[in-house]
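Each remark here refers to the structure printed beneath this line.
The values are calculated or read from the model by the stated rules, or taken from the named source; none is laboratory data. Please read these numbers as outputs of a predicted model, since none were measured by experiment. Cβ: placed from backbone, ideal geometry, glycine included. Neighbour counts: every protein chain shown.
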Amino acid sequence: MLPDSSPAPENAGASLPPAAAAPTAAARPAHPYPAESDKFPVVLLGGSAGCIEALELFFRHLTPRSGMAYVVVMHLLPSRESELPEVLQRFTPLPVQTAADGQKVRPNHVYVIPPDRDLSILHGSLYLLKPTQVPSRRMPIDFFLQSLAKDARERAVCVLFSGLGSDGSVGLKLVMENFGMVMVQDPATAAFDALPRAALATEFVDFVLAPELMPAKLLEYVGRPLLTRAAREKAEESDSKPAHALQKIFVLIRTQTGHDFSHYKRNTVFRRIERRMNSHQIKEFTHYVRYLQENPHEVEQLFRELLIGVTKFFRDAEAFESLRQHMRPLLAQKEPSSTVRVWAPGCSTGEEAYSLTILLQECIEEVAPGRYLKIQLFATDISAEGVEFARAGLYPENITADVSPERLQRFFIKTDGHYQIRKEVRDSVVFALHNINKDAPFTKLDLLCCRNLLIYLSSDLQKNLLPVFHYALNPGGLLFLGPSENITGFQELFQPLDVKWKISRRTETATSLPRLLNFPFALSRQSTAAPHPSASMATAVSSRREGGPFASLVQKVLLSTYSPPAVVINAKGEILYVNGRTGKYLEPAPGLGSMNIFDMAREELSYEISGAVHRALQTRQEVKVDGVRVKTEAGQQLLRLTVKYLEEPEELTGLLLVVFEDQPTPRRVRLAKGSASDLSRDDVVSAMEKELQYTKHRLQTTIEEMESSLEELKSTNEELQSANEELQSTNEEAMTNKEEMQSLNEELMTLNMQYQAKTEELSQAANDMKNLLDSTEIAIIFLDNDATIKRFTSPVARIVNLLPTDVGRPLSHFASNLRYEQLAQDVQQVLDRLITIETNIQTVAGEWYTMRILPYRTLDNYISGAVITFTDVTDLKNLESQLQDNARFAASMQETVLEPVVALDGGLRVYFSNRSFAHLVGIEATELAGQTLAELAGGSFNQPPLLERLQHLLDAGTDAYEFSNLKLDVALPGQPRCRLSLYGRRLLHQGQTTGRVLLGIDSLEPLAG
């Protein structure tokens, strides 16, 4: 996908030679397809709200003789006739008509979908169908694209304009899978960008352009392959596509991603690469190799395109229904509380894996309603992005076209315009990265679902995988393949149950162990025993001749040690290399050709060589024998026989170097005839002793060889009895692989149990944390060191407009409801200085929050971002404001109320008084608070009638709320004795008692003398 709306040729051609640049518009004919040809592109123009303007711009810039057919599919109201054909006819000279049932599609024509109909295409003809979905769930663009991708294949073009929803995002994957082209309107130019953005989220879009730029790019794209690309059969041998260029592309992909695509079908790989080359207007494969080297992002894009995951829920509903029928007997045989194990390799974004889980759950409830069967489904893929997406289990609303309402309600939760798989279903599926080409398989399976994956792999890899599938399944387990895949050549391993939908059962009539050895398991271990030197050297000698690496190594040893004639042998005496002229010491043995030194040695040397070799092997040291006589044409010759055990270099370890070195021979010895009569008695005895010693050595060697042969015969006999006509070596290797995989599987299961326990603990902790955060109702935002959002709580939405899909985006990209402009600066200050910032802020709605920003510290005391908390203090602010109002009110009362009044609490202590009362008792109003009424004015108010009346008002059990006209004689400071007329009131708040009373003075009358 191109990230912007700029044309690709400039971007690609900037780093390429002139030969890779795109042809100019003048050099490109306006009509790349013959009028009489049936092989012309079919262009889907899809959209909904706001796409009329885009269609107008598109058709106004389109040449009338493009050679393509255009099918317009929009979301139309089913209750009224459409005037869309008449509207479009104003913008284009091309004939525009409403699509009719069975109508043949012709180039340079525009066909418009009628209201309340689904549109499909088969063999170049349009067909109308009555919709089966309710209008709110219809996906007419996806419906048409599915048939267009299969019918037109590489001639299919998908163009999506402005609109709401995500219609088209599934169908465009099918177009891409069949090597078609996808073009989307730039969201910045769309009236409604939801539909274009949903398409871009799939990452399978070739061009992102404004509508007026699309026609030129469309003509350029569809015209290039037919004009410049040679026929595929010839292209394989052309200079523009050298064989090594493809291997270099494989190397670049493997270096960057770790995955090897050399086992994928070449035709498929070539077409994917050609699509990317067309996107960048590159002609030559060699130029594209260089472009990949200079642009690592393009390697990632090519990798994603090679892994196009075109899948959906319950793809081929009839196939899943057939699987349901064949799974029922298998599930019925399961013991209670046992586990149903399933493996789904190539799971892509997880729709098929969850479909299998849902189907199995329904089958278990039908077959074994009273038994508990656990589902354990392993869903694997080599795409880390796909596995992460599948693990989240969050899918767009357009899945309603594939999932029934009953299943949606039971197995899904609708959140923020998406459907998420329920947690209990997600817990049954384990998503993991796994390369089916090399990684060991999951074993003991009841079902293996590998649909539409083998079609991308080479036939050799398919032949290696099917025995692996047989080995992974339990006896009677089911293999579920795609409709275009088969088990040809492996009918003895699987029994077909449904030929149409490729459901088979594992058979026990044959074993897959011998064929399993051909699979290159990445985790399989080689034998720890060192290879026998003779076998390895024999292989080396058979593949290397003199002058090669082996010869160079041997010659290097000879030159550094000896120059006489010599041979290199193994422990069995087999000659691996000859240096110099050795005919004086060795001669061919009679019979079939043999290169064994013991057979070729001359008679007088035979026992000497045998003894020396035997001692050298036992001691691993150099053995020298002097004065050895050998008969030559010139007479007897003395020589020194040396046998050296080789320990370096590593390639020659375990071999023996036998050197023949002539010694000075006296004339009498040289001329001696060597007969027994010419020898002295001592010489004869010495010769006989040597021969006896040699015979003993040979006898011992023979006995050891016989014992070894006997052991081998016994072993062979046991192998023949236990292997059931299989070679023991094959069986041992297979059993070793099985034990290794079983051991690995047990280790993985142990780790899985540990991880599962950890997951449960983490899940419980996550649940506790979620409930804690929900109960506190505190808005919290977690940021990383780049101020990018990692997580947030739901109350944040009242402050900052965040959605779950906004995780991973910078905080500065969002507008907040705060009357505060320094949030981003405060966050950066906390990250830079590791301080805590706290302040009170207000939203535009009038709510108050205490905002605290502090560093995010890990358990290891590392700073990993920042945490922003917003605590709602609106009530406190309102209370503070109310208290301030009360204070102002009290101050106002002190100034405005003229008659003396005082408020008393439950202990009859002064809670509040005005200035008049304070002046009356001769104390400042600020000093009255807290003093008892009985102490005021020298105890003048300490009179039982008054105190009893006040205490009676404070008693909550009475109905009295006031008293009036209570006469009391008092002596006030600075005044003559007088009579007061008092009244009292119980103070209430919102109808409830406050524990306080109000005492007021109505009048003051001086008493006479």
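Contact list please: Cβ distance under 8 Å, first residue in the range 57-79 and in the same structural domain as Asp167 (by TED's automatic domain parsing) and in a helix (DSSP H, G or I), second residue hydroxyl-bearing (Ser, Thr, Tyr) and crowded, with 19+ Cβ neighbours inside 10 Å, pairs at least six apart or on different chains.
If the second residue must be hydroxyl-bearing (Ser, Thr, Tyr) and crowded, with 19+ Cβ neighbours inside 10 Å, no pairs are left.
Is there a residue in the range 418-435 that is charged (D, E, K, R), more than 28 Å from Leu748 (Cα to Cα) and either in contact with a Phe, Trp or Tyr (Cβ under 9 Å, 6 or more places away or on another chain) or not in a strand (DSSP E or B) (or both)?
No, the range 418-435 contains no residue that is charged (D, E, K, R), more than 28 Å from Leu748 (Cα to Cα) and either in contact with a Phe, Trp or Tyr (Cβ under 9 Å, 6 or more places away or on another chain) or not in a strand (DSSP E or B) (or both).
Going by the conditions given, is Asp186 buried (at least 18 other Cβ atoms within 10 Å of the Cβ) and at pLDDT 85 or above?
Details: buried (at least 18 other Cβ atoms within 10 Å of the Cβ): yes; at pLDDT 85 or above: yes.
When the stated conditions are applied, Asp186 passes them.
Can you give me the ranges of the strands (runs of 3 or more DSSP E) entirely in the range 87-168 with at least 3 residues that are in the same structural domain as Ser66 (by TED's automatic domain parsing) and farther than 25 Å from Leu219 by Cα?
In the range 87-168, 125-129 are the strands (runs of 3 or more DSSP E) which contain 3 or more residues that are in the same structural domain as Ser66 (by TED's automatic domain parsing) and farther than 25 Å from Leu219 by Cα.
Condition test on Asn785, is it surrounded by 14 or more Cβ atoms within 10 Å (Cβ to Cβ), assigned by TED's automatic domain parsing to the domain that holds Leu854, touching a strand residue (DSSP E or B) at 6+ places or on another chain (Cβ under 7 Å) and polar (S, T, N, Q)?
Judged against the criteria, Asn785 is not a match.
Quick one: which of Thr858, Thr793 is of a type in the set (Val, Ile, Thr) and in contact (Cβ under 8 Å) with a residue 12 or more places away in the chain?
So the residue among Thr858, Thr793 that is of a type in the set (Val, Ile, Thr) and in contact (Cβ under 8 Å) with a residue 12 or more places away in the chain is Thr793.
Please find, within the range 633-654, the residue that is farthest from the chain's Cα centre (by Cα) out of those that are touching a residue at least 60 places away in the same chain (Cβ under 8 Å) and in a helix (DSSP H, G or I).
Checking each candidate, the answer is Leu652.
Does Ile399 meet the test of being of a type in the set (Val, Ile, Thr) and farther than 24 Å from Thr443 by Cα? Steps first, answer last, please.
Values: of a type in the set (Val, Ile, Thr): yes; farther than 24 Å from Thr443 by Cα: yes.
Against the criterion (of a type in the set (Val, Ile, Thr) and farther than 24 Å from Thr443 by Cα), Ile399 qualifies.
Look at the range 847-871 and say how many of its residues are exposed (fewer than 14 other Cβ atoms within 10 Å of the Cβ) and assigned to a strand (DSSP E or B).
Residues that pass the stated criteria total 2.
Applying the selection to the range 383-395, what residues are surrounded by fewer than 20 Cβ atoms within 10 Å (Cβ to Cβ) and at pLDDT below 85? Show your work before the answer.
To start, the set of residues in the range 383-395 that are surrounded by fewer than 20 Cβ atoms within 10 Å (Cβ to Cβ) comprises 384-385, 388-389, 391-392, 394.
Of everything in the range 383-395, those that are surrounded by fewer than 20 Cβ atoms within 10 Å (Cβ to Cβ) and at pLDDT below 85 turn out to be Ala384, Glu385.
Per-residue answers, yes or no, for (1) crowded, with 16+ Cβ neighbours inside 10 Å; (2) farther than 22 Å from Val342 by Cβ; (3) modelled with pLDDT of 75 or more:
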{"site": "Leu466", "(1), (2), (3)": "yes, no, yes"}
{"site": "His470", "(1), (2), (3)": "yes, no, yes"}
{"site": "Pro475", "(1), (2), (3)": "no, no, yes"}
{"site": "Ile487", "(1), (2), (3)": "yes, no, yes"}
{"site": "Arg505", "(1), (2), (3)": "yes, no, yes"}
{"site": "Pro514", "(1), (2), (3)": "no, yes, no"}
{"site": "Pro520", "(1), (2), (3)": "no, yes, no"}
{"site": "Gln526", "(1), (2), (3)": "no, yes, no"}
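If I filter the range 151-201 down to residues being small (Gly, Ala, Ser) and more than 27 Å from the chain's Cα centre (by Cα), which single residue comes out as nearest to Arg138 (Cα to Cα)?
Per the stated criteria, the residue is Gly163.
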